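*Asks:* Here's a structure for you.
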Amino acid sequence: PPVLLWLRRDLRLADHPALRAAIATGQPVIPVFIRDDSVDGLGAAARFRLGLALVALAEGLGALQSRLTLRAGPAEETLAALIAETGANAVYWTRLYDPASIARDTAVKAALTARGVRAESFPGHVLFEPWRVATGQGGPYRVFTPFWKAVRARHPGVPLDAPRRLAPPQAWPRSDELAAWRLGAAMNRGAPIVAAHQCPGEAGAAARLERFLHERIADYGAGRDYPAQAATSGLSENLAWGEIGPRQIWAAGWRALNEGAAGAEDFLRELAWRDFAYHLMFHFPALVTGNWRAEWDSFPWRGDPEAPEVLAWQQGRTGEPLVDAAMREMYVTGKMHNRARMIVASYLTKHLLTHWRIGLDWFAEHLTDWDPASNAMGWQWVAGSGPDAAPYFRVFNPATQAKKFDPDGAYRARWIAEGQAHPPETALRYFDAVPRRWRLSPAAAYPDPVVDLAEGRARALAAYAAHRGG
Ligand code: FAD
């Protein structure tokens, strides 16, 4: 009988412990991807990006004389149907750690086991599973630096090679057509525009890693904070769908470190931030469901997602050039530079006193690298409501940040057309992508600030002082 390999955010062939274990059974392997609620509930960009990942994975499987079977429906019923059709006696998958996936997978495991089907889950999505890292007292970490000290010298194991062959079943089960799923349908900002900035699949991920190691890692420490520079790896979109395993990147980072590459230590530390986000999400699921610190529940955040200043933020017309450049970058590319993410998040939650969840939702809709743990951690860190948070009173000043991290204005010029006699292609692309009802034009005057920076800061600090006092 065959083994079903239930693929979710592990759309790769190399360093895939569940796949390796399925092959080791000696049974035929049927790789399956199920479009359940977890897919239908994704933001437009992530769903679209998933489609690119599935195309690449199907090709990779094809090269091994295997096939990707696509099915839609609730996971438990869909797997049951596939078991009935194929006679499979086992289902293998890679573990996920967000509350919704844990609930689903626990139910699926119980149901399969009750039917006498072997249900086995494997690591692979993070370097160190959340329960494998603990403080001296045996509890979870809440602060990054000690977490980093605890994991830095640990070895997550040697990455596994991709298999050369996957034993096919006697007959393949029916598969949906990927095109019929229309995963890009909600990308009304123009899928081709965003697609041009993606590097999908295992091959895309490997190419990104190679380029980073050869061209960028030496300057990573110095350059990673400058949004105009191509100093970072760009691997987040690949990690989101598991087109590369974190262990493969970790191993490459350590090789570079041992060879003396200047930025390697910083790079490994950033990769550990991703693991830390998963560590927090697993141990404190409130990270993704609410304010991690309950005292923030009563903070007077503004909660109207349609408020004029929120629309200005979303549409990249706050009149604060660095903020607008970043919001436009995300709209066009599906990504945003990390420094810029912190600045726009601070501006929304502090200068505009708006609830971080409104920002998080907008990011979830527009990022092709959307990740449940990193996104929630990022927002709560900046808003001050999370574990290991930046203190609320530390308000990023976007103008000062611009002077420091975009000193020659290159990033702003790349994304803001207004006021430029010959705007670059990138800046103009934004106007091709936005809906007409936003009424934006590159020929219009650049907008006035929606809030005076000093006033916005003072208002945020006053709200914070009142909240603490009360
Ligand atoms: P590199 O600098 O090359 O780093 C390598 C890898 O390390 C990244 O691919 C990523 O997996 C990890 N990493 C780096 N920085 C962080 C970080 N601060 N937190 C967690 N992991 C990190 N990242 C996402 O992948 N998805 C998100 O939805 C997301 N939302 C964010 C929201 C906010 C408000 C903030 C402040 C940050 C968010 N981040 C998110 C983290 C970070 O901005 C991105 O991971 C990073 O910009 C990706 O670019 P890169 O792959 O070139 O990173």
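*Asks:* For VAL32, are the conditions met, namely being outside any loop (DSSP other than H, G, I, E, B) and farther than 24 Å from ILE244 by Cα?
*Replies:* Working: outside any loop (DSSP other than H, G, I, E, B): yes; farther than 24 Å from ILE244 by Cα: no.
No; evaluated as a whole, the condition is false for this residue.
*Asks:* Contact list please: Cβ distance under 6 Å, first residue in the stretch 150-162 and free of Cβ contacts under 8 Å to residues at least 40 places away in the same chain and at negative phi, second residue surrounded by 11 or more Cβ atoms within 10 Å (Cβ to Cβ) and in a loop (DSSP other than H, G, I, E, B), pairs at least six apart or on different chains.
*Replies:* Final answer for the pair search is ALA150/VAL133.
*Asks:* Let me ask something else about it. Which one of MET336, MET342 is outside any helix (DSSP H, G or I) and within 9 Å of the ligand (Cβ to nearest atom)?
*Replies:* Every option except MET336 fails the conditions.
A quick yes/no check of all residues on (1) in a loop (DSSP other than H, G, I, E, B); (2) surrounded by fewer than 16 Cβ atoms within 10 Å (Cβ to Cβ); (3) assigned by TED's automatic domain parsing to the domain that holds LEU311; (4) under 30 Å from the mean Cα position of the chain (by Cα):
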site	(1), (2), (3), (4)
PHE431	no, no, yes, yes
ALA443	yes, yes, yes, no
TYR446	yes, yes, yes, no
ALA463	no, no, yes, no
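*Asks:* Please identify the pairs in which a residue from the stretch 218-233 that is aromatic (Phe, Trp, Tyr) has its Cβ atom under 6 Å from the Cβ atom of a residue that is in a helix (DSSP H, G or I), counting only partners at least 6 apart or on another chain.
*Replies:* From the stretch 218-233, the pairs are TYR220/ASP266; TYR220/PHE267; TYR226/PHE405.
*Asks:* Among LEU42, LEU5, LEU64, which is in contact (Cβ under 8 Å) with a residue 40 or more places away in the chain and in contact with a strand residue (DSSP E or B) (Cβ under 6 Å, 6 or more places away or on another chain)?
*Replies:* Just one listed residue meets the conditions, LEU5.
*Asks:* Right, something else. Against the condition more than 20 Å from ALA454 (Cβ to Cβ) and under 16 Å from the mean Cα position of the chain (by Cα), how does GLY334 come out, does it pass?
*Replies:* Values: more than 20 Å from ALA454 (Cβ to Cβ): yes; under 16 Å from the mean Cα position of the chain (by Cα): yes.
Taking the combined requirement at face value, the residue satisfies it.
*Asks:* Follow-up. Six or more apart or on different chains, Cβ atoms under 6 Å: show the pairs whose first residue is in the stretch 91-115 and touching a residue at least 12 places away in the same chain (Cβ under 8 Å) and whose second is hydroxyl-bearing (Ser, Thr, Tyr).
*Replies:* TRP93/SER121; ARG95/SER121; TYR97/TYR278
*Asks:* Then there's this: Looking at this structure, is GLY184 more than 16 Å from the ligand (Cβ to nearest atom) and not in a helix (DSSP H, G or I)?
*Replies:* Yes: the conditions hold for GLY184.
*Asks:* Going residue by residue through the stretch 294-303, is there one that turns out to be surrounded by 15 or more Cβ atoms within 10 Å (Cβ to Cβ) and closer than 23 Å to ASP448 by Cα?
*Replies:* Yes, that holds for at least one residue.
*Asks:* Which of the following residues is over 18 Å from the mean Cα position of the chain (by Cα), within 16 Å of the ligand (Cβ to nearest atom) and among the aliphatic types (A, V, I, L, M): LEU271, LEU311, LEU322?
*Replies:* LEU322
*Asks:* May I pose another question? Look through the stretch 345-383, keep the residues that are more than 10 Å from the ligand (Cβ to nearest atom) and in contact with a strand residue (DSSP E or B) (Cβ under 8 Å, 6 or more places away or on another chain), and return whichever of them is farthest from TYR141 (Cα to Cα).
*Replies:* Looking at the filtered set, the residue picked out is LEU352.
*Asks:* Given ALA100, ALA110, ALA119, which one is under 21 Å from the mean Cα position of the chain (by Cα) and in the same structural domain as PRO28 (by TED's automatic domain parsing)?
*Replies:* ALA100
*Asks:* Hey, another quick one. Given the criteria in contact (Cβ under 8 Å) with a residue 60 or more places away in the chain and either assigned by TED's automatic domain parsing to the domain that holds ALA427 or closer than 29 Å to LEU183 by Cα (or both), does SER385 qualify?
*Replies:* Yes; evaluated as a whole, the condition is true for this residue.
The values are calculated or read from the model by the stated rules, or taken from the named source; none is laboratory data. A quick note: this is a predicted structure, and the numbers were derived from the prediction, not measured. Please note: Cβ atoms are built from the backbone with ideal geometry, for glycine as well, and neighbour counts cover all protein chains shown.
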